[in-house]
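What follows draws every value from the coordinates through simple rules; no lab data is involved. No experiment lies behind these values; they were computed from the predicted model shown. Because the Cβ atoms are built from the backbone with ideal geometry, glycine has one as well, and the counts that use them run over all protein chains shown.
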Amino acid sequence: MSFLTPEQPKIEEPAAEIASGARLVPRITIQAFCENSQTAQLVESALHDRRMSKAALTTHNGGIEGAVETYKANPTPNLIIVETGLPPEEIPGSLERLAEVCDASTRVIVLGHVNDVLLYRELIRSGISEYIVLPAKSQDIVTAITELYASDGAAPIGRTIGFVSAKGGAGGSTVAHNVAWAIATSLRQDCLIVDMDFPFGTAGLNFNQDPPHGIADAVLANQKVDQTMLDRLMSKAANHINLLTAPATLDRTWDFEERDFEQVIEICQKSVPVIVLDIPHAWNAWTRQTLASVDEIVIVAEPDLANLRNAKNLVDAIKAMRPTENATSLVINKQALPRRPEISASEFASSVECNLIGQLGFDAQLFGTAANNGQMIAEVSSNAKVNEVFRAIGMHVTGRQATAGAGRASSLLKLPTLFKKRA
Ligand SMILES: Nc1ncnc2c1ncn2[C@@H]1O[C@H](COP(=O)(O)OP(=O)(O)OP(=O)(O)O)[C@@H](O)[C@H]1O
Ligand SMILES: [Mg+2]
């Protein structure tokens with residue numbers, strides 16, 4: 001470790017970027033762990049920058065150790081900012097403990113008091129996204145975040161998860177909406193639900209929303225759609241949940257070309273970390289293309305023969321389109337419907353070669369009440385066991401381990417790749 005090269009990590013002046021129309025930081029969740037109240041104020045003041053208007057930021061005490069303690073029991077946000085007053089030789093070890101409790105997709109910015117280029121390089125090599133020397137201006141923090149999430153080279157942040165029913169009415173939409181709710185409430189990640197069932201979609205109904213605009217405006221705008229337009233079309237259904245609702249009208253037919261949704265989904269991926277696609281039970285060029293291109297597919301099926309046949313056909317088609325991907329995920333819904341003979345979930349999953357990630361019992365009272373009230377299951381009954389299943393599915397589809405803090409993706413990695421690097 002050398003103190004002989006007091007080279008300030010390069011920070012670009014944001015003025016030119018603002019003049020040419022600044023890009024906004026997407027809807028990420030940021031948690032900062034500071035050691036000094038001035039640093040907490042500095043981080044909070046970053047929120048006043050208009051480029052941060054969509055991001056959700058909270059500040060906490062305790063520096064790196066505070067963060068480690070918090071994330072032993074809680075899922076990590078998109079971005080963690082940690083302040084450290086440790087001497088340079090102790091910083092990598094301390095960050096290693098943080099890496100052990102961090103999800104692989106979480107990025108880390110370190111605020112340090114030591115101006116040391118070797119430390120800077122070591123941290124960047126280990127996967128730390130930026131090291132900012134204090135005292136700094138709030139602009140420096142905003143610029144570092146903008147560089148990570150809103151620059152030309154920034155990787156899209158949004159993970160797309162497509163839910164599709166093996167048979168009409170199997171519950172794909174209900175599961176999709178409740179899983180999005182679980183992701184938003186327990187992971188505190190911003191979720192966008194895109195209702196692709198234009199004539200009959202229920203996302204609006206299920207969240208008791210009837211916005212005048214939605215996904216149809218975006219798709220019909222074709223090449224003209226951009227992030228600003230999408231922001232206008234989205235409706236906020238709850239904390240961390242936005243909807244692009246289906247028009248649910250029959251005054252015209254809704255026929256689309258294979259790639260008509262591509263651009264809209266790509267733009268969504270630049271601005272929201274989790275995108276839940278509620279795909280209708282249909283087989284046409286654009287549903288097939290959507291299944292071919294999403295990050296994660298979840299088939300929702302009832303445990304009967306027709307669902308089994310359809311799920312098998314879906315899986316075969318998916319395998320042919322995505323030969324290198326892991327097994328498709330399966331949720332068995334409406335188990336133990338009174339008097340109905342059923343195929344066991346494990347038998348169902350093994351015969352369609354799927355990864356069984358959730359089983360939900362039939363509960364007409366609970367699901368019926370939620371549907372008729374325009375509420376999620378957790379709102380109708382916060383203690384219902386199914387909420388745990390929705391949460392586990394949410395953890396799985398967002399690439400997280402079910403038990404927070406235990407055996408996370410980055411825990412086995414040691415320096416120099418502590419934190420997963422992203423392009
Ligand atoms: N586990 C369950 N127990 C009882 N009712 C359920 C359960 N899951 C879903 N439902 C109900 O089943 C009906 C159909 O659900 P949903 O609309 O989610 O299915 P879908 O597969 O998306 O249908 P579609 O084919 O129209 O897209 C809804 O009324 C919903 O409330
Ligand atoms: Mg549906």
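The charge dipole of the stretch 67-128, taken about its Cα centre with unit charges on the Cβ of Lys, Arg, Asp and Glu (plus for the first two, minus for the last two), comes to roughly 200 debye.
Of all DSSP beta bridges in the chain, what percent run antiparallel (nearest 5)? Write down the numbers at each step before the final one.
On the way: 3 of 52 bridges.
Within the chain, antiparallel bridges account for around 5 percent of the total.
Of 123, 94, 40, which is farthest on the positive side of the dipole of the stretch 20-149, counting Cα position, with +1 on Lys and Arg Cβ, -1 on Asp and Glu Cβ, and the Cα centre as origin? Of the candidates, 40 comes out farthest on the positive side. When +1 charges are put on Lys and Arg Cβ atoms and -1 charges on Asp and Glu Cβ atoms, the dipole computed for the chain relative to its Cα centre reaches about 620 debye. Peptides 185-195, 133-143 ranked from most to least packed, by the mean per-residue count of other Cβ atoms within 10 Å: 185-195, 133-143.
By the count of neighbouring beta-carbon atoms within 10 Å, fewest first, 369, 174, 249 end up ordered 249, 369, 174. Pairs of Lys residues in the stretch 159-397 are counted when their Cα atoms are under 28 angstrom apart and they lie 8 or more places apart or on different chains; the count is 12.
Going from the alpha-carbon gyration tensor of the stretch 20-149, what semi-axes, largest first and in whole Å, does one get by taking the root of 5 times each eigenvalue? Provide the component values of the computation, followed by the final result.
Working: eigenvalues 90, 55, 40 Å².
Rounded to whole Å, the semi-axes are 21, 17, 14.
Is the shape of the chain rounded, prolate or oblate, going by the alpha carbon gyration tensor and its root eigenvalues a ≥ b ≥ c, with a/c under 1.5 for rounded and a/b larger than b/c for prolate? Please list the in-between numbers first.
Details: a/c = 2.12, a/b = 1.67, b/c = 1.27.
Prolate, since a/c reaches 1.5 and a/b exceeds b/c.
Computed over the chain with a Gaussian network model linking Cα atoms closer than 10 Å, the most mobile of 242, 313, 387 is 313. Think of it as helices only: each DSSP H run of n ≥ 4 in the chain is worth -39500 (n - 2.57), and spread over all residues that comes to -10500 deg cm²/dmol at 222 nm.
Length gain on complete extension for the stretch residue 228 to residue 210, per 0.36 nm per residue less the alpha carbon to alpha carbon distance? Don't skip to the answer; put the middle values down first.
Numbers: separation 18, 0.36 × 18 = 6.48 nm, distance 2.07 nm.
That pair, residue 228 and residue 210, stretches by 4.4 nm at full extension.
For the stretch 185-234, the square roots of the Cα gyration tensor eigenvalues, ordered a ≥ b ≥ c, give a/c of at least 1.5 with a/b no greater than b/c, which places it in the oblate category.
Just to be sure I understand the rule: take each whole DSSP H helix in the chain, project its Cα atoms onto its long axis, keep it if the span is 18 Å or more and its mean Kyte-Doolittle hydropathy is at least -0.5. Which ones pass? Don't jump to the answer; show the numbers that get you there.
Numbers: long enough: 305-321 (24 Å, 0.17).
Answer set is 305-321.
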